[in-house]
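Worksheet: the structure to be examined is printed underneath.
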């Protein structure tokens, strides 16, 4: 199953987005439209994988997954 979103570090948190993922990934500073409604600059920070997950994006991502598995 392909996910209808993906995660990207932006704004000092891990956010979910439905923006098309560039072939080489999101470059540092590239604007990302997140599921929480923010437009934030992507980050390529080495430690971004340790950032907290945006709770609003997390909730929105689960709603998208719930919609995807409905019969």
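Laboratory data are not the source of any read-out in this text; all were calculated from the coordinates shown. Here the structure is a predicted model, which is why all the values come from computation and not from measurement. With ideal geometry, Cβ positions are generated from the backbone for all residues, glycine too; neighbour counts draw on all protein chains shown.
For the stretch 59-69, state whether one or more residues are within 11 Å of residue 11 (Cβ to Cβ) and either surrounded by 10 or more Cβ atoms within 10 Å (Cβ to Cβ) or touching a residue at least 60 places away in the same chain (Cβ under 8 Å) (or both). Show your work before the answer.
At the first step, the residues of the stretch 59-69 found to be within 11 Å of residue 11 (Cβ to Cβ) are none.
No, every residue in the stretch 59-69 fails to be within 11 Å of residue 11 (Cβ to Cβ) and either surrounded by 10 or more Cβ atoms within 10 Å (Cβ to Cβ) or touching a residue at least 60 places away in the same chain (Cβ under 8 Å) (or both).
Among the residues of the stretch 1-21, count how many are on the phi < 0 side of the Ramachandran plot, assigned to a loop (DSSP other than H, G, I, E, B) and surrounded by 10 or more Cβ atoms within 10 Å (Cβ to Cβ).
So the count comes out to 6.
Look through 29, 37 and report the one residue that is part of a loop (DSSP other than H, G, I, E, B), without any contact (Cβ under 8 Å) to a residue 24 or more places away in the chain and out of contact with any strand residue (DSSP E or B) (no Cβ under 9 Å at 6 or more places or on another chain). Full working, then the answer.
Details: 29 fails: out of contact with any strand residue (DSSP E or B) (no Cβ under 9 Å at 6 or more places or on another chain).
Every option except 37 fails the conditions.
Going through the stretch 27-53 one residue at a time, which ones are buried (at least 18 other Cβ atoms within 10 Å of the Cβ) and at positive phi?
Those that are buried (at least 18 other Cβ atoms within 10 Å of the Cβ) and at positive phi: none in the stretch 27-53.
Testing residue 24 on (1) surrounded by fewer than 16 Cβ atoms within 10 Å (Cβ to Cβ); (2) in contact with a strand residue (DSSP E or B) (Cβ under 7 Å, 6 or more places away or on another chain); (3) part of a loop (DSSP other than H, G, I, E, B), one condition comes back false. Which one is that?
So the condition that residue 24 fails would be (2).
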